[in-house]
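J.: Here it is, the structure in full.
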Amino acid sequence: MLLKIRIIIYNIWKAFNYGIFLIIAFINKIFRKNKTENSNKKIMILVDKICKGGAERAAINVGENLAKKYDVVIVLPQVKEEFKKIEQYNCGVKCVEIKGSNKIKVIKKIKQFKKENKITHCISFGTRVNFINVITRVNDKTIISIRNYLSIAEKDSRKKIKYKFASILCDYIVSVSKAVEQDQIKKYNINPNKICTIPNYCNKEEIINAISSYEIDEQDKHIFENGKVIINVGKLKFQKGQWHLIRAFKKVVEKNNDVKLIILGMGELEDYLKKLIIDLQLEKNVFILGHKNKNIYTYMSKSNIFVFPTLYEGMPNVILEAMACNLPIIASDCYGGNREIIAPNLKDSDVISNVTKCEYGVLLPKFDMKLYEANEELTKEEIMLANSINEMLQDNNLLVNYKEKSKERIKKYNKENYFQLWEEVLEKLQ
């Protein structure tokens, strides 16, 4: 009982403090200085952690390249119960951890850091830090980055409220794909003049160097010895829809019994997916190999087809990385950025209802958002997935064509285009 009372008191105290921060943020937005000279830009990148996640990599990429021209610091908020060693991801920018015994203390410290360091622009990557960014405003221009298709991805009502405040209080929003941008405008009533899209870029040179530097783990080499290999890369979580691929693969194996499927990733659905493999008697064909670090691109380069049955995405880095590894792509036309990479000429109103051979890969209809067991019949989308894999396995001309298309497509997602767009955003917010 005493614990419940303490929790209630703490939540009231936290809500009160958030309210104060929000009021001050509204006032600062109205009365702050309106002009910042180019030469005096001091940019703060706010991100939860430094690791190989999509948002984290984007934060590092932006920070490192803006640091060539401006004074840049990456700040990582750390609450006591979340204290952990920060995994450095080849970060060439100064990183500062701001720690506190609770969230309010961390927020106060970040606000003080902005003031003391005369931060002129703060760019945040992630739902939690987007909210922190806007409520710690001093005289800085605040830019929030939206990395996912929020109307589908975000189920937590408290996070939705925080995002709503962040979208109102920020100066500008950068989405990761046009689909995400339109989702923001239509579902969250964002002013079209307040948002733009800057898609991810892919460091192909880094990927090529990694492929030449690292080998496949010794215990996995047998998988590549006979037959073709299908690969999927992603966290083992609901969003990624890997159970659809595993269930469809039973039908693939019936026609191509030496084909293998490897899934690289870890997550909360690991036990469910492994049980599905056993129940479908696919232990000799399907392998969940866990998280790979330095040699992930080697696994991709040794594979034959990349398959991505995801349910929703922002702008999937992994498709770009697969293209950089010269893999043909089969992917779902999910909520988000898949079709922008694979079928840039399709209109928003164009509906994918069958297997569709597009300019840069094969698109499948959206999968339903239901978990299935081994004994349940395949959905029509899973049958289409199996058929599309089988066709590409059997038609070498089709496979080679899409390998070449991947080589061509990845050229668009280069570093120069990416940072020119970020420069334009900063210039817009003088």
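Computed from the coordinates by the stated procedures, all read-outs in this text should not be read as laboratory data. Source: prediction; values computed, not measured. FYI the Cβ positions are ideal-geometry reconstructions off the backbone, even for glycines, and counts take in every protein chain you see.
J.: Where the centroid of each part is defined by its Cα atoms, how far is region 365-418 from region 237-262 in Å?
T.: Spelled out, the Cα-based centre of one part sits 12 Å from the other.
J.: Give the distance, in whole Å, between the Cα centre of region 289-353 and the Cα centre of region 115-180.
T.: 26
J.: Under 5 Å between amide hydrogens, which residues at least 5 positions from K141 or on another chain qualify, with H placed 1.01 Å from N in the peptide plane?
T.: H121, C122
J.: Which GluC sites (Glu not before Pro) from region 176-245 combine a DSSP loop assignment with at most 13 other Cβ atoms within 10 Å?
T.: Working: sites: E181, E205, E206, E215, E218, E225; in loops: E215, E225.
The qualifying sites are E215, E225.
J.: Hey, in the GNM for the chain with a 10 angstrom Cα cutoff, which one of V75, V174, V96 fluctuates hardest?
T.: Between V75, V174, V96, it is V96 that shows the largest mean-square fluctuation.
J.: Any chance you could give the angle, 0 to 90 degrees and rounded to 10, that helix 178-188 forms with the longest Cα principal axis of the chain?
T.: 50
J.: On C-alpha positions alone, give me the angle between the axis of helix 415-428 and the longest principal axis of the chain, in degrees, nearest 10.
T.: 30
J.: So for region 204-412, what are the equivalent ellipsoid semi-axes in whole Å, largest first, each being the square root of 5 times an eigenvalue of the Cα gyration tensor? Don't skip to the end; give the middle numbers.
T.: Numbers: eigenvalues 100, 96, 53 Å².
Taking √(5λ) for each eigenvalue gives 22, 22, 16 Å, largest first.
J.: Which trypsin sites (Lys or Arg not before Pro) does region 271-312 hold that lie in a coil by DSSP with at most 15 other beta carbons within 10 Å?
T.: Here the sparse-neighbourhood loop sites are K284, K294.
J.: Pairwise over distinct Cα atoms, reciprocal of the mean inverse distance: report the Kirkwood radius of region 135-279 in Å, one decimal place.
T.: It works out to 19.1 Å.
J.: What's the FRET efficiency of Q394 with K69 using the Cβ-Cβ distance as r and R₀ = 41 Å, to the nearest 0.05?
T.: Values: r = 52 Å, r/R0 = 1.26.
Efficiency, from the Cβ-Cβ distance: 0.20.
J.: Would you list, by chain and number, the lysines whose Cα falls below 16 Å from the Cα of K284, excluding same-chain residues fewer than 8 positions away?
T.: The reachable lysines, counting only those whose Cα sits under 16 Å from K284, are K221, K228, K250, K251, K255, K260, K274, K275.
J.: Out of every Cα-Cα pair in region 235-301, what percent are more than 17 Å apart? Spell out each step's value before the answer.
T.: Values: 902 of 2211 pairs.
Roughly 41 percent, rounded to a whole number.
J.: Let me ask something else about it. List the residues whose amide H sits under 5 Å from the amide H of L76, counting only those 5 or more places along or on another chain, with H placed 1.01 Å from N in the peptide plane.
T.: Under 5 Å from the amide H of L76 lie the amide H atoms of V96, E97, I98, each far enough along the sequence or on another chain.
J.: For V286, enumerate residues with amide H under 5 Å from its amide H, sequence gap 5+ or separate chain, H modeled in the peptide plane.
T.: L261
J.: What's the FRET efficiency of L371 with E206 using the Cβ-Cβ distance as r and R₀ = 35 Å, to the nearest 0.05? All intermediate terms of the calculation are to be shown ahead of the outcome.
T.: Working: r = 36 Å, r/R0 = 1.02.
For L371 and E206, the calculated efficiency is 0.45.
J.: Next up: So what J values fall out for region 210-221 if you push phi through Karplus, 6.51 cos²θ - 1.76 cosθ + 1.60 with θ = phi - 60°, rounded to Hz, Gly and Pro as x?
T.: Listing the rounded values in order: 5, 4, 6, 9, 10, 9, 5, 4, 3, 5, 9, 5 Hz.
J.: List, in the order given, every pair from K194/K407; K204/K294; K357/K412; K111/K155; K357/K407; K115/K162 whose Cα-Cα distance in the structure shown is over 25 Å. Could the numbers behind the result be given before it?
T.: Numbers: K194/K407 34 Å; K204/K294 15 Å; K357/K412 20 Å; K111/K155 28 Å; K357/K407 17 Å; K115/K162 23 Å.
Pairs exceeding the cut-off: K194/K407; K111/K155.
J.: Pairwise over distinct Cα atoms, reciprocal of the mean inverse distance: report the Kirkwood radius of the chain in Å, one decimal place. The partial results should precede the final answer.
T.: Values: mean 1/r = 0.0433 Å⁻¹.
About 23.1 Å for the chain.
J.: How much length, in nm to one decimal, is gained on full extension between K187 and K99, taken as 0.36 nm per residue of separation minus their Cα-Cα distance?
T.: Values: separation 88, 0.36 × 88 = 31.68 nm, distance 3.48 nm.
Extra length from K187 to K99 when fully extended: 28.2 nm.
J.: When you count, for each residue, the other Cβ atoms within 10 Å and take the mean per peptide, how do 136-144, 346-354, 360-368 rank with the highest first?
T.: On the way: 136-144: 24.8, 346-354: 11.6, 360-368: 21.9.
Per-residue mean Cβ counts within 10 Å order the peptides as 136-144, 360-368, 346-354.
J.: Contour minus end-to-end for L429 and K284, with contour as 0.36 nm per residue of separation and end-to-end as the Cα-Cα distance?
T.: On the way: separation 145, 0.36 × 145 = 52.20 nm, distance 5.62 nm.
Contour length minus Cα-Cα distance gives 46.6 nm.
J.: Given the options H291, H222, H121, which has the most mean-square fluctuation in a GNM of the chain, springs set between C-alpha atoms less than 10 angstrom apart?
T.: H222
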